[in-house]
Structures are given as C-alpha cells and as structure tokens.
Ligand code: TXA
Ligand code: MG
C-alpha cells in the first residue's frame, strides 16, 4: 500500500486541503496517522468494524487490547457513552481537550472491536489543532491507538510513524513533534471515584485537586495480577538494545557503566542533563533538564540507540511525582532490568 504523507505548514489553505484529503480516507474506511498533543495516533472510523480491523493489522496489535475513541468535543463524547458519574463533567470541564482519557459505559455506537467487546469505551478529546480539525471535518468518532508497531516506543514525530508503518497505512499527517510526549492518563470513570489505569499527561496531583481523591489501579502498583486496562499487561516501549533502569546517585551509575565496560560491553547512557554531564560512557544522550522535558524527549530517546552501536543502555530513574510518574511507568515497561536502591 502506498502511504500518502502530508506536511502541515502554517498556511491555513494548504493545511485545510491536507486535512480534507485525510478525512476523506478515514470516511472511506482507511487508516490515517495524525498528531495529537501526546503522541501520534493511528486513526480509523470508530463506527466501522472493518476499518478498525485495519488498525490492529497494521500495528500487529493483540485483538484483546481496546482502542481509544477520539472526539472533537464533549457533545460528541456524550453521543457514544451511556452515562457517567457526576465528577466526570467536572473533569471534562477542567481537563479536556487535553491528555486524559475517560473509560465510561459504552452505548454501542462504536464498533465492538474498538472496545474489544468490553461494555466500556475509552474516550478522549485531544488538544491539537490538526487533530481537532480532522475530527471536526470527519464528524465521527475516530479510534486511534499510538501509531507505532505494537511493542515499540510510541511515536512523537512523523519520522517515527514513517519508520514503523510506511506502506501499511493509507496516510500520515505530519504536524511536527508532539508536545507532551507521553500518552494520555487513562481513568476508569465507572466507579464512585476515578481510578488511574495508566498514568499520563494529566497528573495524579491534578486529578486529586479536582475530585478530592483519585486512586491508582492496584495492578499498576504491582499488587494485583490482572490489570483493568488490558494494554498494561503487554511488553511495551522496547528499545532495540536491552535497557537497565537504575535508581541511585551518579557514583552508582558510573560503577554500573564501568563494570559493563570491563566485560567488553559498549554502554549507552540515558540520563537527565546534569547527570549525563558528570558521567563517562561510550555514548551519551541527555533526556532533558526536568520531568516535562524528559517526558517530551522520552520516546525519541528510546529509539535513539540502535543495536550494533551499543550493547546495553543504562538509564537513570527519575522521581515519580507529577509527570515523572508517567515517565517512570513507561521506563519500567521498557526496561529488561530495574536496579533499585
Ligand atoms: O495519548 C494517547 O492516549 C494516545 C493518543 C494517540 O491519543 N493513544 C494511546 O492509545 O496511547 P493506546 O491504544 O496506545 O493506549 C490505550 C490504552 C491501552 O492501555 C488500552 O488497554 C486502554 O487504553 N483502554 C482502551 N479502552 C479501554 C477500556 N474500555 N477499559 C480499560 N482500558 C482501556
Ligand atoms: Mg500505545
């Protein structure tokens, strides 16, 4: 399949044409990747089962992992869900459009493969001009997981989508790098209090200040076997080279790097800007100066080191507060080893 790639400019007329062509493909049951404020999504008409099946096919995604339906507004959101607890309106008012996804009882408007036959549906209103224009032009809910091959780091640039899915999807809207860098926070809104199924762009602290209380799915904290968000059980975000996530100071990091080098391994270091400057390794990449910069650079960094260049990636752990909670959740999933203090 030939993949059409449109480069979005700041010229409203050119962009409107590209978005119109992309919307046409989606309305014809094809798949199109598009930018959101978190990561690129791979979209298809959420009401068309055959179109949605193409997403699973292109990504190599397990059939039991449901997708997020993207809508342009809360009016559209209410068209695909059955009902919601009162706090949901408050959350939507404060946080949407934005990097947050609400899991709510479905009213059956979306195809059954969007929800993997669950009675609930995940819905999100993205905060990105191209995503908004695309959704408004289509005027239907668009199912969209991250636009990567399953198991690979999520795409935060059009080049990442191209690398993974060129030839497997009908179109790609290139809107440049995304902003937040980690995916949306997935919240189970079927209970009396919101339950965070996947930490993301909206922080636990933000949710708590809005609703008084938000809890983290015990499965995320490693206390239960079956995660409520089916996607959380799969291996994810894997770089090409084994990654070791290390908690500890610069001295400990350097010891580990040197020990691996003594065994003849070439070591790539991923660390915050300050730490990276203090350490010696075969190759170094700064993740950024603070948690938001690290989130924005995270997936690009996980794609940076290729096998053949280094044998192991040593990655510095960061504090699990604010958006650091989402960053550490992804790093733990990307890591083949997690060295704690
Ligand atoms: O920021 C994002 O959320 C990006 C952009 C493209 O919007 N999308 C994204 O989609 O990350 P995906 O498919 O990579 O992750 C969706 C997550 C998965 O962990 C999935 O299991 C969970 O949401 N999910 C979807 N529907 C669900 C449901 N009904 N109940 C519980 N979890 C659900
Ligand atoms: Mg994903």
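The values are calculated or read from the model by the stated rules, or taken from the named source; none is laboratory data. The shown structure was predicted, so the numbers you read here are calculated from the model rather than taken from an experiment. Backbone-built Cβ (ideal geometry, glycine too); neighbour counts: all protein chains shown.
Worth pointing out:
- Residue 207 vs. criteria within 14 Å of residue 36 (Cβ to Cβ), touching a strand residue (DSSP E or B) at 6+ places or on another chain (Cβ under 9 Å) and not in a loop (DSSP other than H, G, I, E, B): no
Every residue, every condition in (1) under 30 Å from residue 191 (Cβ atoms); (2) within 16 Å of ligand 1 (Cβ to nearest atom); (3) surrounded by 22 or more Cβ atoms within 10 Å (Cβ to Cβ), yes or no:
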residue: 14; (1), (2), (3): no, no, no
residue: 29; (1), (2), (3): no, no, no
residue: 72; (1), (2), (3): yes, yes, yes
residue: 75; (1), (2), (3): yes, no, no
residue: 82; (1), (2), (3): yes, yes, no
residue: 95; (1), (2), (3): yes, yes, no
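- Hits in the range 44-57 - residues which are within 13 Å of ligand 1 (Cβ to nearest atom) and either farther than 25 Å from residue 98 by Cα or outside any loop (DSSP other than H, G, I, E, B) (or both): 44, 52, 55, 56
- Taking each residue of the range 71-83 that is in a helix (DSSP H, G or I) and looking for partners that are surrounded by fewer than 17 Cβ atoms within 10 Å (Cβ to Cβ) with beta-carbon atoms closer than 7 Å, six or more apart or interchain, yields 79/109; 80/107; 80/109.
Let's see how each residue does on (1) without any contact (Cβ under 8 Å) to a residue 60 or more places away in the chain; (2) in a strand (DSSP E or B):
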residue: 5; (1), (2): no, yes
residue: 10; (1), (2): yes, no
residue: 17; (1), (2): yes, no
residue: 26; (1), (2): no, no
residue: 30; (1), (2): no, no
residue: 39; (1), (2): no, no
residue: 42; (1), (2): no, yes
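- Evaluated against (1) closer than 24 Å to residue 177 by Cα; (2) at pLDDT 95 or above, residue 275 falls short on exactly one condition, (1).
- Restricting attention to the range 84-119, the residues that are outside any helix (DSSP H, G or I) and more than 20 Å from the chain's Cα centre (by Cα) add up to 14.
- Scope the range 135-163; condition in a helix (DSSP H, G or I), within 16 Å of residue 239 (Cβ to Cβ) and within 13 Å of ligand 1 (Cβ to nearest atom); matching residues: 160
- The selection criterion, being farther than 28 Å from residue 10 by Cα and surrounded by fewer than 16 Cβ atoms within 10 Å (Cβ to Cβ), does not hold for residue 122.
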